[in-house]
Amino acid sequence: MPLLSLQEVTRSVELPDFSRLEILKGIDLDVEIGDHLSIVGRSGSGKSTLLNLLGLIDNPTTGSITFDGEPLEKLSGSKRDRKRGRDVGFIFQQFNLLAGRTALENVMTPLLYASGKQFWRRRTLASEMLERVGLGDRMASMPDKLSGGEQQRVAIARALVRSPRLILADEPTGALDVDTGKTVMALLDDVAEQSGAALITITHDPNVAALARRHYRLDNGVLHPIDVRRMLATSLPEAAL
Amino acid sequence: MIWRRAKKASDVADEAVRIAVPLEIEAAPPSREHRHSLLSAIVGSFVEAWDEVRINRTRVLLSLIGIGVAVCALATVVGAGAVFGQAQTEQSERFSGRPATIGVYPPYLENGVERADTAQFIAHMDAVIERYQISHSTPRFRGSVGVNLLDGRQYSAVQGVSAAYGVMHRVELGEGRWLTKTDEQRLAPAVVINDVFYETLGRPDLRTHPTIVLESDTTITAVVVGVLIPEPFENGLSLMMLPEPFVSLLGTGRTEDGNLSYELWVPEEQSAQLEQAISREVTASFGEGWRADANRNDYRVWGGPDPLEPLQWVVGGIAGLILLLGALGLVNISLVTVKYRVREIGVRRAFGATASRVFFAVMMESIVATIAAGVIGVAVAIAIVQNPAVQNLIAPGVQDLPPFPLEAALLALGASAAVGALAGLMPALVAVKVKVIDAIRY
């Protein structure tokens, strides 16, 4: 049974002239535990909308999404929120660390929405996670005192601190230079692999996409499997996106 | 737990990290929370709210000055009102005795011609006081004596009262001391004079035991042991002494003159029963046709409107207005702040914060902040109201200073929490409507 399954998923919105704009069309996607897939696409291709659906934030207009075999449309808003907090970890392009809070406090943030031991031991768990990403000596640092790579590592620690089963990385290297991006992706790939979580990377960069085992391209709301390595082999691959 | 070294990022030295990954903990299925703990949710909301207040303390502090000032004003008004009220109460008690003071008057024949024998009345009252074990009671003999002074002979009002009168009427002295039981042993009786009398004597040092010569049926020399505080509009000489020297000087007199009554300080809840019982007993002891009155005459039976009420309404109204203005300022700042915090709220939602949790957290930030302001406001109010200089200004000479009223502190804290809730409502509604991914990506 796949961890996350999208079947015939569409998403459309009503425009001011009462016509409908179809953003996603007939998306079928299965994500297994431990899977690593990438999705590339141009701006306006529907990546944000797909991210909303994959991250249990939005509902499809038609079709169904199941998480762990459970249809999401049956979940209430608050149950969906809790499930998202428990099972999905987000990594963002702009890191989105909370200003005015130390690296440790940032990593502790998701644990504020946990319960039981995860909640009461949040400081210990966050410290351990920062150690894991190599920032044990920067716990008390504010985000503006960290380099871009360090900030993204804090963001990775924050995404993983509740041991999610699905990690959604939205342009994780978009705000980093090439070398730092490689390091961060290596770390993310490694930690995700070790934790057994599924990793979905949404990116413009074919080099980042190529790190995944399965590759998709979102084009005008339609999701296609693609061969990124073949794309990389051709000249000016970015132009294809 | 088995740890291993992860692969080294070799090509970028400054970002290269060595990470230790626990294998077993990740190989096991992630822990699942089958039930969202209400306790951790509540504690978490408070932690979030407090963190937000702590991190934005400068902004919060500035926005809360108005609230703190209003709360302080509100608590000060109520607290100062309690002190002022106590002063009014004590003033009333000085005049009419503490609640419940029952005045007992000599019986009279119902045809109105004849009054009871004074000695018989005193004997009956002694018996009544003994029977009901009344701890604080006093006869009140009234009369007038001649006083030989340097500038000639003058007359002074005189009262014969027991030592208990000092407690029953909260006698306040400007100099010296009040009469005591041991003063009964004195050959030269002790007297407490009023400030006019003291002024007439030339304000002698009481440590020199100044004496005065009092003349009536007999002449006695008395020692001034205390001076009452000055009273407004007081212009005649007046003195007080124990009953025994009074009787020696003036005799018991005749009750027709209205120069004798008794005062009994009794528990308030038993006063109605005691009034009836004492009246009945004294009447019965004199026989058929006689009637004795025993009535409460302390201020609490007078009724009437609270003289402090208008003042408290005015100052309380001003404080309420300040509170309202502070709340409006807080709403304004909170709304602007929430607009700036859209991204942060989006991040929190992405990590599992429910809409209700975000609503509650934003509300709590406002409430926690205003309660903090309220606590500071109440603390300042207590410091103001309990300050001896302020107390002396509000209510000079108060004997039993009341503690800062709990209801004032609770009222002020309740008001600050209510303002926080109202001020937090609109920002909380805005926060709930934040669209998660849009907030994060743009």
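The values are calculated or read from the model by the stated rules, or taken from the named source; none is laboratory data. Just so you know, these numbers come straight off a predicted model, no measurement behind them. As a convention, Cβ positions derive from the backbone with ideal geometry for all residues, glycine included, and neighbour counts pool all protein chains shown.
What to note about this one:
- Those residues of the stretch B:58-76 which are within 14 Å of chain A (Cβ to nearest Cβ) and either within 30 Å of residue B:405 (Cα to Cα) or of a type in the set (Val, Ile, Thr) (or both), in sequence order: B:58, B:60
- Inside the stretch B:354-376, residues that are touching a Leu at 6+ places or on another chain (Cβ under 8 Å) and more than 14 Å from residue B:50 (Cα to Cα) make up a count of 3.
- Residues being within 10 Å of chain B (Cβ to nearest Cβ) and either part of a helix (DSSP H, G or I) or buried (at least 23 other Cβ atoms within 10 Å of the Cβ) (or both) - total across the stretch A:171-191: 13
- Annotation: residue A:133 fulfils all but one of (1) facing chain B (nearest Cβ under 9 Å); (2) modelled with pLDDT of 90 or more; (3) surrounded by 24 or more Cβ atoms within 10 Å (Cβ to Cβ); (4) more than 20 Å from residue A:51 (Cβ to Cβ); the unmet one is (2).
- Among residues of the stretch A:70-98 being loosely packed, with under 15 Cβ neighbours inside 10 Å and within 8 Å of chain B (Cβ to nearest Cβ), the one that is nearest to residue A:113 (Cα to Cα) is A:78.
- Filtered residues of the stretch A:145-170 (kept if more than 9 Å from every other protein chain (Cβ to nearest Cβ) and farther than 28 Å from residue A:52 by Cα): A:145, A:146
- Residue within the stretch B:291-299 that is hydroxyl-bearing (Ser, Thr, Tyr), out of contact with any strand residue (DSSP E or B) (no Cβ under 7 Å at 6 or more places or on another chain) and within 30 Å of residue B:90 (Cβ to Cβ) present: yes
- Test: residue in the stretch B:226-236 that is touching a Phe, Trp or Tyr at 6+ places or on another chain (Cβ under 6 Å), outside any loop (DSSP other than H, G, I, E, B), β-branched (Val, Ile, Thr) and in contact (Cβ under 8 Å) with a residue 12 or more places away in the chain: yes
- Unmet requirement for residue A:81, which otherwise passes all of (1) closer than 30 Å to residue B:57 by Cα; (2) of a type in the set (Asp, Glu); (3) touching an Asp or Glu at 6+ places or on another chain (Cβ under 8 Å): (3)
- In the stretch A:99-129, the residues that are crowded, with 24+ Cβ neighbours inside 10 Å and either in contact with a strand residue (DSSP E or B) (Cβ under 9 Å, 6 or more places away or on another chain) or closer than 12 Å to residue A:153 by Cα (or both): A:103, A:106, A:107, A:110, A:129
- Reported count of residues in the stretch A:152-170, each being surrounded by fewer than 24 Cβ atoms within 10 Å (Cβ to Cβ) and free of Cβ contacts under 8 Å to residues at least 60 places away in the same chain, is 1.
- Total residues in the stretch A:193-233, condition away from every other protein chain (no Cβ under 14 Å), within 25 Å of residue A:11 (Cβ to Cβ) and small (Gly, Ala, Ser): 3
- Which listed residue, of B:370, B:354, is within 30 Å of residue A:162 (Cα to Cα), at pLDDT 85 or above and of a type in the set (S, T, N, Q): B:354
- Members of the stretch A:14-28 found to be exposed (fewer than 15 other Cβ atoms within 10 Å of the Cβ), of a type in the set (A, V, I, L, M, F, W, C) and assigned to a strand (DSSP E or B), listed by number: A:21
- Some residue of the stretch A:33-52 being at pLDDT below 90, of a type in the set (D, E, K, R) and more than 21 Å from residue A:216 (Cβ to Cβ): no
- Residue in the stretch B:367-375 that is part of a helix (DSSP H, G or I), surrounded by fewer than 18 Cβ atoms within 10 Å (Cβ to Cβ) and hydrophobic (A, V, I, L, M, F, W, C) present: yes
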